[in-house]
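Please read the structure below before turning to the comments.
Every number in this text was worked out from the coordinates using simple rules, so none of it is lab data. As the structure is a computational prediction, the values presented were derived from the model and not from experiment.
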């Protein structure tokens, strides 16, 4: 696997080794030993989440203030613009965001460690996203930062009117959000 750091070095793009021939292709979407060796850390995944979205859907920015989740994000069909916001007050990149286009065609994945808010926008007509998490969903600890907070200035690359859930429309402003030490 090939690891490429983003502008926030703890968030990395992972490109698997693909074996292709005239029959099609094969790749390991996750291998715990290879992940630990490549990133110099191990992650124990406890839950897989699978969503389907239509174009211009924006999901996020979500995180859990307790039981924070690391996420390994992968696209099964279509393309997304995936976003991670650093909420670790002690980090030199606190309050900064990084975004990456991820598609089923590229087979790339994005590793977002605990301590980040996460969201994505659907860039194609239909998108299916699968992501592994390092802790279980805990709705009592879930928090949302409003997707269009001007303090963050995220360009979601949405081409029409954003399609949002009520929760995402009413998220907290970044300056008022609970963050990590």
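Compare 59, 33, 23 in a GNM of the chain, Cα atoms joined below 10 Å, and give the one with the largest fluctuation.
In the Gaussian network model the winner is 23.
Grab the Cα-Cα distance for residue 130 and residue 90, subtract it from 0.36 nm times how many residues apart they are, and report the gain in nm with one decimal.
11.4 nm
Calculate for the chain the 222 nm mean residue ellipticity that helices alone would give, adding -39,500 (n - 2.57) per DSSP H run of length 4 or more and normalising by residue count, nearest 500 deg cm²/dmol.
Computed mean residue ellipticity for the chain: -1500 deg cm²/dmol.
Percent antiparallel among DSSP beta bridges with both residues in the chain, to the nearest 5?
Roughly 95 percent of the beta bridges in the chain run antiparallel, per DSSP.
Rounded to whole Å, give me the distance from the Cα center of segment 26-82 to that of segment 113-128.
So the separation of the two Cα centres works out to 9 Å.
At q = 0.19, 0.20 Å⁻¹, what base-10 log of I(q)/I(0) does the Debye formula yield for segment 2-176 when every alpha carbon is treated as an equal point scatterer in vacuo?
Taken in order of the listed q values, log10 I(q)/I(0) reads -1.37, -1.52.
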